Amino acid sequence: MTSVLALPALHASHAGIWLVGREGAREAGRGEAIRAVSDTPHILLNAPLAGQRLGYPEVSGLDLLELFAFVHPARFVVPTVPGLAAFVGLAAPVDEAAAAGLLPAIAGRLLATLADERWAAREGAWTINATLHRIGWGWAGLVGQRLARPERGERMLFSRLEPWEETAERPPARVIRLGDGEAEARLAQLTGAGSETREGQRAFAAAAAHAFAPRDRRDAPNVLLAEAGTGIGKTLGYLAPASLWAEKAGGAVWVSTYTKALQRQLDAEGARIVPDESERKKRIVVRKGRENYLCLLNLEDALQGSFSGRAAVLAQLVGRWAAYSKDGDMVGGDLPGWLPSLFRRAGATALTDRRGECVYAGCPHYRKCFIEKAERASRGADLVIANHALVMVSAARGRLGGGLERIVFDEGHHLFDAADSTFAVALTGAETIELRRWIVGPERSTRGRRRGLAARLMDVCSYDEEGALALDAAVQAAGLLPGDGWLGRVVEGLPLGPLEALFAAVRSSVLARARAEDAGYGLETELAEPDAALVEAAAAALVALESLQRPMTALRLRLEAVLEDGPDWLDAAARARVEGAIAGLNWRGGAVAAWAQLLARVGGAADPDFVDWMNVDRIEGRELDIGLQRRWLDPTRPLAKAVIEPAHGVLVTSATLRGGEEHWEVADARTGAAHLPAAPAHFHAASPFDYASAAEVLVVTDVKQGDLAALANAYARLITAARGGTLGLFTAIARLKAVQARIADRLAREQLPLLAQHVDPIDTGTLVDMFRADPRASLLGTDALRDGVDVPGDSLRLVVMERVPWPRPTVLHAARRLAGGGSAYDDRVVKARLAQAFGRLVRRQGDKGTFVMLSAACPSRLLTAFPSGVQVSRVTLEEAVTRVAAARGPVGGSIGERGDEARPDPLQRVG
């Protein structure tokens with residue numbers, strides 16, 4: 001068969017719209033393009049994005065990304081024409097018209113793979129395609145023509161997954177001390193013979209060994225705060241002593257990150273530590289929260305009919321991915337981030353366990369469960385790669401088997417924020433209705449298995465009278481929590497039950513105290529001087545929560561007694577289900593207790609350790625949730641007590657741990673080290689980069705704040721001067737959207753693609769991948785991109801911030817500002833953010849670029865956030881444009897062309 005598929009195609013970008021037919025590609029208007037795709041299925045790339053460009057959101061057709069997901073499950077490709085072209089071995093297009101013309105050729109190459117004997121993903125393809133054909137998948141007919149029916153029936157997905165195996169409990173780690181020079185020797189082994197010698201990295205590895213020494217006394221771990229500048233190579237610097245200690249002591253080291261990108265990097269570095277792939281899977285494990293993993297029981301429900309329409313197609317493609325996935329991680333794993341977005345998130349979240357409804361051993365897929373597999377693998381691993389939230393929650397709940405003896409917190413400048421979220425209390429409508437559903441189950445009948453604590457424990461409690469009574473009482477008390485439609489009733493002034501009445505009173509108070517200029521956005525006000533209606537509502541809600549807390553506690557105690565007695569009828573499956581219920585009751589019972597403490601404070605004296613407020617969540621004026629919030633004034637206090645103190649050794653590291661300050665007090669305070677009984681050790685290694693010659697900072701003085709037209713013009717001119725390669729950072733989504741709308745078409749005419757977070761229907765990780773792959777592209781984003789982007793090389797030459805990133809003036813910030821020194825606290829926050837944003841610019845030797853701040857009002861005292869020696873100049877926009885143009889390096893001529901990227905083998909199987 002020909003490698004070019006003889007079907008029409010459509011390509012839409014900010015530069016224009018192209019239709020592809022027998023005569024080749026030609027430009028077309030929106031009306032003509034919409035009529036064409038409505039009449040005849042066209043090959044296109046990323047239907048939601050094409051629909052956005054056309055102004056026709058419901059556009060559909062033969063999406064190349066869906067075909068790619070079928071042909072190459074568990075493989076990633078940059079979801080652009082150049083990305084797909086490179087993957088299938090075609091030359092990058094020179095312009096948008098050429099990109100349009102490539103779509104049929106890419107389709108032909110992908111379909112041709114189906115006949116290749118080397119195709120590693122053949123098993124299961126025929127069966128799933130037959131199902132996809134029945135539910136109307138556009139590609140199914142073309143795929144079916146190229147797939148031979150297997151001689152014997154293919155194994156079903158669930159029979160192809162490898163089960164996990166029970167293992168003995170891991171013995172305690174041996175007490176050992178790394179000898180002088182051992183960490184450095186392991187580092188040399190990991191970096192390889194003949195590699196560049198980095199003295200800063202060697203010093204870092206030697207210093208990091210302190211966290212792996214035996215501790216001298218209980219609750220006084222060996223803590224090292226290490227600031228290692230960009231380019232030091234801190235990842236291998238701490239993996240050297242960590243892997244050596246794990247090997248010699250027989251213990252586990254938990255390496256915790258804030259971003260998924262760093263988790264992927266650490267996972268990749270594992271090949272240096274354990275070259276053999278099968279052995280590496282045992283010794284290095286990535287562990288995430290259970291809401292990240294595919295739930296096989298949810299998937300089975302979806303495959304058997306609980307999903308329909310486009311969601312059913314997604315379920316089949318996810319099922320195909322699951323058979324080839326390394327670990328079943330749907331968020332940041334080997335499921336391409338762009339796949340769920342093709343279906344406008346239809347059903348993706350329903351395929352994970354986001355509401356704690358797992359039936360554990362009662363599930364027919366329990367022995368093959370991705371979540372259980374990851375949890376058990378981590379028990380015997382040398383290195384467990386996790387994230388801050390999971391480490392904190394699990395350590396605080398005592399659920400990391402054997403405890404956490406050694407922890408490495410990379411991206412340690414985020415510890416404060418992670419602890420702030422982990423130890424927060426939120427008594428909201430969304431939280432309470434989730435608790436009700438967890439206990440009672442859904443109010444409306446749903447397809448698939450029955451859910452809720454009552455259904456999961458009915459058989460167990462039938463053998464235990466006291467347990468059955470406690471379960472009945474908990475179900476009855478849960479009926480006092482908000483039910484379906486609660487928000488509408490509250491808004492209409494018709495609340496049902498004490499909790500809905502509480503939220504009605506909260507809403508009334510918040511709206512009464514809100515500022516007029518906040519009317520379209522989330523509203524909040526201090527939980528101070530409550531009126532009589534709120535005090536009365538809080539008292540009634542407190543009684544309701546206490547009536548729920550008592551039977552939950554009684555049920556937990558009865559279940560623990562059942563486990564201890566071990567009656568004959570309690571088989572392994574029932575025991576696992578009971579253990580899961582106990583863990584859930586512990587967790588949720590703790591939340592109810594915290595809610596009760598918060599309500600008991602209403603009308604009384606404030607607790608100086610906490611900040612309490614009321615809020616109404618809104619998006620563009622539409623109300624989403626209502627509730628009471630509580631945060632620790634200093635969240636590193638529970639972090640130190642619950643997570644760090646029980647450990648034997650903790651390393652906290654980051655390139656900006658001190659946030660641009662010269663002294664260590666700020667780092668001690670922001671990481672919890674200030675609350676430890678023994679003082680931490682400190683280490684600093686400056687970046688080896690010559691920032692003075694690699695980068696400069698320009699503060700533009702003539703772009704008026706609040707003038708969106710002037711702001712957009714500045715961005716357009718700077719991006720054009722740099723010929724792309726720009727990361728634009730915004731402090732408000734509304735301004736980002738306004739600027740993107742004004743400049744996207746203008747830049748496209750210069751063949752400079754513009755990507756935008758919160759605008760393009762693509763997940764943030766994929767946007768960064770697309771930005772990285774195309775040196776002419778630019779990316780606009782908010783906080784998540786300020787310190788979560790690692791784009792070395794010529795794809796990032798310019799960083800532009802639209803204004804000084806001052807903290808939002810929230811109730812919480814006001815309290816911390818008052819406690820932290822007023823304006824000095826603000827300055828510390830801003831300097832840390834500036835340091836992180838500047839850190840995106842130079843990621844490896846040879847990188848060069850410019851950092852531009854579009855704010856004449858930027859105080860000089862904040863400019864010390866930038867590395868010493870970097871030239872900082874206040875200039876006009878005209879001069880900034882001139883300097884950016886002069887500083888840019890050569891840019892490739894083809895769309896998305898990268899000379900330093902090797903083309904992957906399209907038949908190579910990952911994992």
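The values are calculated or read from the model by the stated rules, or taken from the named source; none is laboratory data. Note that the structure is a prediction, hence the values are computed from the model and not measured. Every residue, glycine among them, receives a Cβ derived from its backbone with ideal geometry; neighbour counts consider all protein chains shown.
Filter the range 335-349 down to the residues that are assigned to a helix (DSSP H, G or I) and either in contact with a strand residue (DSSP E or B) (Cβ under 8 Å, 6 or more places away or on another chain) or modelled with pLDDT of 85 or more (or both) and list them by number.
Step one: filter the range 335-349 for residues assigned to a helix (DSSP H, G or I), giving 338-342, 349.
Within the range 335-349, W338, L339, P340, S341, L342 qualify.
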Checklist entry - Hey, among R735, R803, R746, R808, which residue is closer than 30 Å to R513 by Cα and either small (G, A, S) or in a helix (DSSP H, G or I) (or both)? => result R735
Checklist outcome for this item: How many residues of the range 793-806 are buried (at least 17 other Cβ atoms within 10 Å of the Cβ) and out of contact with any Phe, Trp or Tyr (no Cβ under 7 Å at 6 or more places or on another chain)? The answer is 9
Next on the checklist: I'm trying to understand the selection: among the residues of the range 254-263, which are crowded, with 18+ Cβ neighbours inside 10 Å, assigned to a helix (DSSP H, G or I) and not polar (S, T, N, Q)?
Outcome noted: K260, L262
Checklist entry - Which of the residues that make up the range 255-302 are in contact (Cβ under 8 Å) with a residue 24 or more places away in the chain, acidic (D, E) and within 23 Å of R406 (Cα to Cα)? => result D267, E269
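Looking at the structure I just gave you, is W137 out of contact with any Pro (no Cβ under 8 Å at 6 or more places or on another chain), surrounded by 12 or more Cβ atoms within 10 Å (Cβ to Cβ), among the hydrophobic types (A, V, I, L, M, F, W, C) and farther than 30 Å from H42 by Cβ? Walk me through how you get there before you give the answer.
Values: out of contact with any Pro (no Cβ under 8 Å at 6 or more places or on another chain): yes; surrounded by 12 or more Cβ atoms within 10 Å (Cβ to Cβ): yes; among the hydrophobic types (A, V, I, L, M, F, W, C): yes; farther than 30 Å from H42 by Cβ: no.
So W137 does not fit the description; no.
Within the range 292-305, count every residue that is among the small types (G, A, S) and crowded, with 19+ Cβ neighbours inside 10 Å.
Filtering the range 292-305 for residues among the small types (G, A, S) gives 302, 305.
Then keep just the ones that are crowded, with 19+ Cβ neighbours inside 10 Å; that gives 302.
The qualifying residues number 1.
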Checklist outcome for this item: Those residues of the range 286-331 which are touching a Pro at 6+ places or on another chain (Cβ under 8 Å) and either assigned by TED's automatic domain parsing to the domain that holds H72 or of a type in the set (K, R) (or both) amount to R320
Next on the checklist: Taking the condition of being in a loop (DSSP other than H, G, I, E, B) and surrounded by 24 or more Cβ atoms within 10 Å (Cβ to Cβ), how many residues in the range 83-106 meet it?
Outcome noted: 0
Checklist entry - Out of the range 532-543, which residues are closer than 12 Å to L480 by Cβ and surrounded by 22 or more Cβ atoms within 10 Å (Cβ to Cβ)? => result A541
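State the number of residues belonging to the range 45-82 that are over 28 Å from the mean Cα position of the chain (by Cα) and not in a helix (DSSP H, G or I).
Restricting attention to the range 45-82, the residues satisfying the condition of being over 28 Å from the mean Cα position of the chain (by Cα) are 54-56, 59-62.
Of the ones still in play, those that are also not in a helix (DSSP H, G or I) are 55-56, 59-62.
Qualifying residue count for the region: 6.
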Checklist entry - Which residue pairs have Cβ atoms under 7 Å apart, sit 6 or more places apart or on different chains, and have a first residue in the range 222-243 that is among the hydroxyl-bearing types (S, T, Y) and a second that is modelled with pLDDT of 95 or more and part of a strand (DSSP E or B)? => result Y238/V408; Y238/L651; Y238/T653; S243/L383
Checklist outcome for this item: Selection over the range 230-253 where residues are closer than 28 Å to E661 by Cβ and either touching a strand residue (DSSP E or B) at 6+ places or on another chain (Cβ under 6 Å) or assigned to a strand (DSSP E or B) (or both) yields a count of 4
Checklist entry - Is there any pair linking a residue in the range 401-427 that is more than 23 Å from G590 (Cα to Cα) and surrounded by fewer than 22 Cβ atoms within 10 Å (Cβ to Cβ) to one that is modelled with pLDDT of 95 or more and of a type in the set (S, T, N, Q), with Cβ under 7 Å and at least six apart or on different chains, and which? => result none
Checklist entry - Among the residues of the range 174-205 satisfying the criterion of being among the polar types (S, T, N, Q) and modelled with pLDDT of 90 or more, which is surrounded by the fewest Cβ atoms within 10 Å (Cβ to Cβ)? => result Q189
Item to check | Single condition P792 does not satisfy, out of (1) closer than 21 Å to L736 by Cβ; (2) in contact with a Lys or Arg (Cβ under 6 Å, 6 or more places away or on another chain) | outcome: (1)
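Only one residue in V842, V872, V830 is at negative phi and part of a strand (DSSP E or B). Which one? It would help to see each step written out before you state the result.
Values: V842 fails: part of a strand (DSSP E or B); V830 fails: part of a strand (DSSP E or B).
On inspection, the qualifying residue turns out to be V872.
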Checklist entry - Right, I385: crowded, with 19+ Cβ neighbours inside 10 Å, outside any helix (DSSP H, G or I) and touching a residue at least 24 places away in the same chain (Cβ under 8 Å) or not? => result yes
Checklist entry - Any residue at all in the range 547-554 that is in the same structural domain as G603 (by TED's automatic domain parsing), buried (at least 19 other Cβ atoms within 10 Å of the Cβ), at pLDDT 90 or above and outside any helix (DSSP H, G or I)? => result no
Checklist outcome for this item: Of (1) in contact with a helix residue (DSSP H, G or I) (Cβ under 8 Å, 6 or more places away or on another chain); (2) buried (at least 19 other Cβ atoms within 10 Å of the Cβ), E623 satisfies every one except (2)
